[in-house]
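Since the structure comes first, as structure tokens, the remarks are kept for the end.
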Amino acid sequence: MSSVIRIDQVFCKGCRLCLEVCPRGVYEAGTERNAKGYLAPAAARPEDCIGCLLCEMTCPDLAITVTVIKKEKKRCAAS
Amino acid sequence: MHPLAEKMLRKSALPSIYCPGCGHGTVLNAYLRAVDQLGIFDQISHVGGIGCSGWTPVFLDSDTIHALHGRALAVATGLKLANPGRKVTVFAGDGDCTAIGGNHFLHAARRNIDLCLIIMNNEIYGMTGGQAAPTTPSGARTQTSPHGNPEPTLDACKLAVCAGASYVARYTVAQPRRLTRAIKEGLVHKGLAVIEAVVQCPTQAGRYMHGTGSPVELYRIIKEKTVDLSQAAGLKPEELAGRIVTGKFHQDPSQPEYTEQVYGLMDRARGGS
């Protein structure tokens, strides 16, 4: 499973709670400051996302939007 | 912008005034989810007091009253009695609700009026400069107790149960799903629903009480201190000292509700059945 993770640069205040709550280490601390001077994190490994939405629900500024992409189940070809 | 923010928040008030990593934002996040799942946003009026918690209704694009310090419940009681068809949610802080508005809290619980009260407990007066609140842990260092808080701590949930509130629950920001579920239950509950959300305050409680201003560290501290109600039953009182017991403490939908009682009385006084 993978997800499309969008981090709103206007809303994010760089508290890093998303780095803490993510069970799969999808996020990485940011290196570049946004317009307000905060270090917004980056979703470095969206392919590892399991879609638990803990980051989205914990974010105090509603800056994270996770869209889970479900992979289609592989089916065995009828023999 | 998050779709929920797009749908329900007042764009002119954003981004929120909360400090980076403030737990109040997580409670607002859970509240938006709960209301969105129920689909009743246009039926709710929001009342807030003074303090960081009092700002929460300001961000909601709905009918909003920003009341005096501690008087959020008093204003909400008037709103509910004047318009009983309206759902009312009250956002109050720990100091706002249990100290300055302690009287209103007690009597709202005693009357069991149909409100959803969300107490955001950060264990301190955050916005006014970090003074000790009734919920501040005993011995904690704050701006008004530099040598340690000499007072014992008040448990808002126990008080609500004793005073007669018919739905009482407590969850922390580290339990966002349970918190959302509790808010949902509180919104549909008939009677006073008290939901205490334990939140981190990096700026005041964090720096002076816990010695760290990092939201992540404070989040960990809350997580470590949390004990579920089912586990707490087997622990001694001394083992529970300083811990945060979370869960649903009380739910009794059969208790008489104040608005119904008042309108019933008015009907009887007019000579109705």
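The values are calculated or read from the model by the stated rules, or taken from the named source; none is laboratory data. Because the structure is a prediction, the values reported are computed rather than measured. Reconstructed Cβ throughout: ideal geometry from the backbone, glycine too, with neighbour counts over all protein chains shown. Accessible surface is based on the protein model in full, side chains and every heavy atom, while ligands, DNA and RNA are left aside. Shrake-Rupley method; radii C 1.70, N 1.55, O 1.52, S 1.80 Å.
Given B:A169, B:A165, B:A197, which one is open to solvent by less than 10 Å² (accessible area, probe 1.4 Å), touching a Leu at 6+ places or on another chain (Cβ under 8 Å) and more than 14 Å from chain A (Cβ to nearest Cβ)?
Exactly one of B:A169, B:A165, B:A197 is open to solvent by less than 10 Å² (accessible area, probe 1.4 Å), touching a Leu at 6+ places or on another chain (Cβ under 8 Å) and more than 14 Å from chain A (Cβ to nearest Cβ), namely B:A165.
So, in the range A:1-11, exactly how many residues are touching an Asp or Glu at 6+ places or on another chain (Cβ under 6 Å) and either at pLDDT 90 or above or within 10 Å of chain B (Cβ to nearest Cβ) (or both)? Walk me through it before giving the result.
We begin by selecting, within the range A:1-11, every residue touching an Asp or Glu at 6+ places or on another chain (Cβ under 6 Å); these are A:2, A:11.
Checking the rest, the ones that are also either at pLDDT 90 or above or within 10 Å of chain B (Cβ to nearest Cβ) (or both) come to A:11.
Going through the range A:1-11 one residue at a time, the tally reaches 1.
Please go through the range B:243-263 and pick out each residue that is loosely packed, with under 12 Cβ neighbours inside 10 Å and within 22 Å of the chain's Cα centre (by Cα).
Once the filter is applied, which keeps residues that are loosely packed, with under 12 Cβ neighbours inside 10 Å and within 22 Å of the chain's Cα centre (by Cα), the range B:243-263 yields only B:P253.
Could you list all residues from the range B:1-30 that are open to solvent by 10 Å² or more (accessible area, probe 1.4 Å), of a type in the set (V, I, T) and assigned to a helix (DSSP H, G or I)?
Across the range B:1-30, there are no qualifying residues.
Here is a list: B:R181, B:R177, B:R207, B:R170. Which entry is in contact with a helix residue (DSSP H, G or I) (Cβ under 6 Å, 6 or more places away or on another chain) and among the charged types (D, E, K, R)?
Numbers: B:R181 fails: in contact with a helix residue (DSSP H, G or I) (Cβ under 6 Å, 6 or more places away or on another chain); B:R177 fails: in contact with a helix residue (DSSP H, G or I) (Cβ under 6 Å, 6 or more places away or on another chain); B:R207 fails: in contact with a helix residue (DSSP H, G or I) (Cβ under 6 Å, 6 or more places away or on another chain).
One residue alone meets the criteria, B:R170.
So the check is Cβ under 9 Å with 6+ separation or different chains; which pairs have a first residue in the range B:218-241 that's in contact (Cβ under 8 Å) with a residue 24 or more places away in the chain and a second one that's assigned to a loop (DSSP other than H, G, I, E, B) and open to solvent by 50 Å² or more (accessible area, probe 1.4 Å)?
So the pair list comes out as B:T226/B:R243.
Are any residues in the range B:138-153 in contact with a Ser or Thr (Cβ under 7 Å, 6 or more places away or on another chain), open to solvent by less than 50 Å² (accessible area, probe 1.4 Å) and hydroxyl-bearing (S, T, Y), and if so, which ones? It would help to see each step written out before you state the result.
Going through the range B:138-153, the residues in contact with a Ser or Thr (Cβ under 7 Å, 6 or more places away or on another chain) turn out to be B:138, B:142, B:149, B:151-153.
Of the ones still in play, those that are also open to solvent by less than 50 Å² (accessible area, probe 1.4 Å) are B:142, B:149.
Within the range B:138-153, just B:T142 meets the criteria.
Just to be sure before I move on: is B:G191 crowded, with 23+ Cβ neighbours inside 10 Å, in contact (Cβ under 8 Å) with a residue 12 or more places away in the chain and on the phi > 0 side of the Ramachandran plot in the structure I sent? Give the steps one after another, and end with the answer.
Numbers: crowded, with 23+ Cβ neighbours inside 10 Å: yes; in contact (Cβ under 8 Å) with a residue 12 or more places away in the chain: yes; on the phi > 0 side of the Ramachandran plot: yes.
Against the criterion (crowded, with 23+ Cβ neighbours inside 10 Å, in contact (Cβ under 8 Å) with a residue 12 or more places away in the chain and on the phi > 0 side of the Ramachandran plot), B:G191 qualifies.
Looking at B:T180, is it surrounded by fewer than 24 Cβ atoms within 10 Å (Cβ to Cβ) and under 13 Å from the mean Cα position of the chain (by Cα)?
On the way: surrounded by fewer than 24 Cβ atoms within 10 Å (Cβ to Cβ): yes; under 13 Å from the mean Cα position of the chain (by Cα): yes.
Against the criterion (surrounded by fewer than 24 Cβ atoms within 10 Å (Cβ to Cβ) and under 13 Å from the mean Cα position of the chain (by Cα)), B:T180 qualifies.
Go through the range A:1-56 and give me each residue that's within 22 Å of B:A174 (Cα to Cα) and of a type in the set (G, A, S).
A:G14, A:G25, A:A29, A:A40, A:A42, A:A43, A:G51
Just to verify a result, which residue in the range A:36-54, among those that are within 14 Å of chain B (Cβ to nearest Cβ) and of a type outside the set (G, A, S), is most open to solvent (accessible area, probe 1.4 Å)? Steps first, answer last, please.
At the first step, the residues of the range A:36-54 found to be within 14 Å of chain B (Cβ to nearest Cβ) are A:36-41, A:51-54.
Right, trim to of a type outside the set (G, A, S) and you get A:36, A:38-39, A:41, A:52-54.
Numbers: A:K36: 117, A:Y38: 71, A:L39: 44, A:P41: 10, A:C52: 37, A:L53: 50, A:L54: 48 Å².
Within the range A:36-54, the match that is most open to solvent (accessible area, probe 1.4 Å) is A:K36.
Quick one: which of B:D96, B:D155 is within 15 Å of the chain's Cα centre (by Cα) and without any contact (Cβ under 8 Å) to a residue 24 or more places away in the chain? Can you show your working first?
Working: B:D96 fails: without any contact (Cβ under 8 Å) to a residue 24 or more places away in the chain.
The unique qualifying residue is B:D155.
Kindly provide the set of residues from the range B:200-233 that are within 13 Å of another protein chain (Cβ to nearest Cβ), basic (K, R) and either over 19 Å from the mean Cα position of the chain (by Cα) or crowded, with 24+ Cβ neighbours inside 10 Å (or both), ordered by number.
B:R220 - this is the single residue of the range B:200-233 that is within 13 Å of another protein chain (Cβ to nearest Cβ), basic (K, R) and either over 19 Å from the mean Cα position of the chain (by Cα) or crowded, with 24+ Cβ neighbours inside 10 Å (or both).
From the list B:Q204, B:Q231, pick out the single residue that is over 19 Å from A:T58 (Cα atoms), modelled with pLDDT of 90 or more and part of a helix (DSSP H, G or I).
On the way: B:Q231 fails: modelled with pLDDT of 90 or more.
Answer to the selection: B:Q204.
State whether one or more residues within the range B:14-32 are at pLDDT 90 or above, closer than 18 Å to A:C59 by Cα and more than 12 Å from chain A (Cβ to nearest Cβ).
Checking the range B:14-32: not a single residue is at pLDDT 90 or above, closer than 18 Å to A:C59 by Cα and more than 12 Å from chain A (Cβ to nearest Cβ).
Name the strands (runs of 3 or more DSSP E) wholly within the range B:31-137 that hold at least 3 residues that are open to solvent by less than 10 Å² (accessible area, probe 1.4 Å)? Full working, then the answer.
On the way: elements: B:44-48, B:63-66, B:87-93, B:116-121.
Once the strands (runs of 3 or more DSSP E) in the range B:31-137 are filtered for at least 3 residues that are open to solvent by less than 10 Å² (accessible area, probe 1.4 Å), what remains is B:44-48, B:87-93, B:116-121.
Out of B:A174, B:A132, B:A156, which single residue is out of contact with any Ser or Thr (no Cβ under 6 Å at 6 or more places or on another chain) and not charged (D, E, K, R)? Give the derivation first.
Values: B:A132 fails: out of contact with any Ser or Thr (no Cβ under 6 Å at 6 or more places or on another chain); B:A156 fails: out of contact with any Ser or Thr (no Cβ under 6 Å at 6 or more places or on another chain).
Just one listed residue meets the conditions, B:A174.
Let's see how each residue does on (1) modelled with pLDDT of 90 or more; (2) touching an Asp or Glu at 6+ places or on another chain (Cβ under 9 Å); (3) more than 14 Å from chain B (Cβ to nearest Cβ); (4) open to solvent by 30 Å² or more (accessible area, probe 1.4 Å):
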site	(1), (2), (3), (4)
A:C18	yes, yes, no, no
A:E28	yes, no, yes, yes
A:T31	no, no, yes, yes
A:N34	no, no, no, no
A:E56	yes, no, no, no
A:C59	yes, no, no, no
A:I69	no, no, yes, yes
